[in-house]
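Take a look at the structure set out below.
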Amino acid sequence: MDNQLPDWEIGKLYNQAWSIVKKYKVLWIFGLATGVGMSFNFNLPGNFDSDSIKDIQKNFQSFPGEIALGAKAVLGDATSKQAEIFSYLFSAIPFYLYVILAIEFIAIIIFSIMIGIIFKAWSTGALLEGIQTALSNGTVSIRDSSEKAFAHIKSLAWLQVVPPLILASGFVLIIIIILITIIIPILIAKILLGVLLLIASAAILYGLIYYLLSEIWATRIVVLEKKSGKESLFGGYKIARKKTWAMILLGLVNIILSFSIMAIPILIVGGIIFGMVLTTDDNQALWAVLLAIAIILIIPIFVAITLVGGILNAFKATVWSIAYNNIRGKYDGK
């Protein structure tokens, strides 16, 4: 009879998770960190220094009359001075600066993505370590959880990068098959490619669904079992196959909960904006009052949304961690 008992009950998961999150408020910080984005400043290239800027300024200061006349001759008498200045603005900047800026722009994007991946891996590891410590009735601290998380960054980053890249290559394959199917005029080839397209689409959809489900367990296997990203993904897949519908149900309940809570501040803001739109012409005094209320509330609402988002992230992660602890080791090798 014991084998027929469910691995978890959503009500019990929620009650236990809420008592943990309510008691260990440091988890809120890690919850905020998992949802926050990294921003970076765009700087000029290293060799685009003050001397380079001065050179460009000298070029503009010594604007030659011949160039202005030449531009006029090419563009015609009807060309406005604004167009001439705009044209010269680009012609005065050396081409190599455009190349340097393009290279730097690409490098900054790549660097930002790398930092974002590392940051997400660290914050996820720290949150899961903190949750596990809390479940063991230990003392959760930012320092302790952060230090433990550094050991998992490589594996957690692997989970973020490699499986999505494989899925992305599958989507590219589907696009290629579609293009070939359109181009090829032979009917039999179109039919065969259509069958191949259906098979590939089904495989990609299956892979996407089970990656999303497996990743939930894989991150916890990385943190708790100290396994590599690849081993953890396959371990998470074994569990996901056994618990597919139970996971989908729990995920849907989590989504409904998140939407219900986050909808409250959004509805407040939407109501104020809607009221402002309705009273634009009819009642200027009421419109001014609503505008003042909106300005006063915008910062508190933004802070509230951010804080509630962090708490929700911590709560949902705790729910899944409790669920994992309930089945830990149960489906190994199955």
About the Cα centre, charge dipole magnitude for region 108-250 (Lys/Arg +1, Asp/Glu -1 at Cβ), debye
260
With x for Gly and Pro, the residue-by-residue ³J(HN,Hα) of region 141-146, computed from phi through the Karplus equation 6.51 cos²θ - 1.76 cosθ + 1.60 at θ = phi - 60° and given in whole Hz, is 9, 4, 5, 5, 5, 5
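Past the 19 Å Cα-Cα mark, which pairs from LYS120/LYS330; LYS154/LYS230; LYS23/LYS120?
Numbers: LYS120/LYS330 29 Å; LYS154/LYS230 11 Å; LYS23/LYS120 24 Å.
The pairs that break the limit, which is 19 Å between Cα atoms, are LYS120/LYS330; LYS23/LYS120.
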Calculated FRET efficiency for the pair ILE256/ALA288, C-beta based, R₀ 35 Å, to 0.05:
0.40
Quick one: 3J(HN,Hα) in Hz for region 186-197, Karplus 6.51/-1.76/1.60 with θ = phi - 60°, rounded, Gly and Pro as x.
6, 5, 4, 4, 4, 5, 4, 5, x, 5, 4, 5
Residues meeting the amide H criterion for ALA151 (H placed from the backbone, H to H distance under 5 Å, 5 or more places apart or on another chain) are none
For region 124-196, with every protein chain kept in place, what is the accessible area per residue (1.4 Å probe, Å²)?
58
Whole-Å distance linking the alpha carbon centroid of region 94-120 with that of region 171-197 is 36
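The values are calculated or read from the model by the stated rules, or taken from the named source; none is laboratory data. All values reported here derive from a predicted model rather than from experimental measurement. Neighbour counts are summed over all protein chains in view; Cβ atoms, including those assigned to glycine, are modelled from backbone coordinates with ideal geometry. Surface areas here come from the heavy atoms of the whole protein model, side chains and all, with no ligands, DNA or RNA. Shrake-Rupley method; radii C 1.70, N 1.55, O 1.52, S 1.80 Å.
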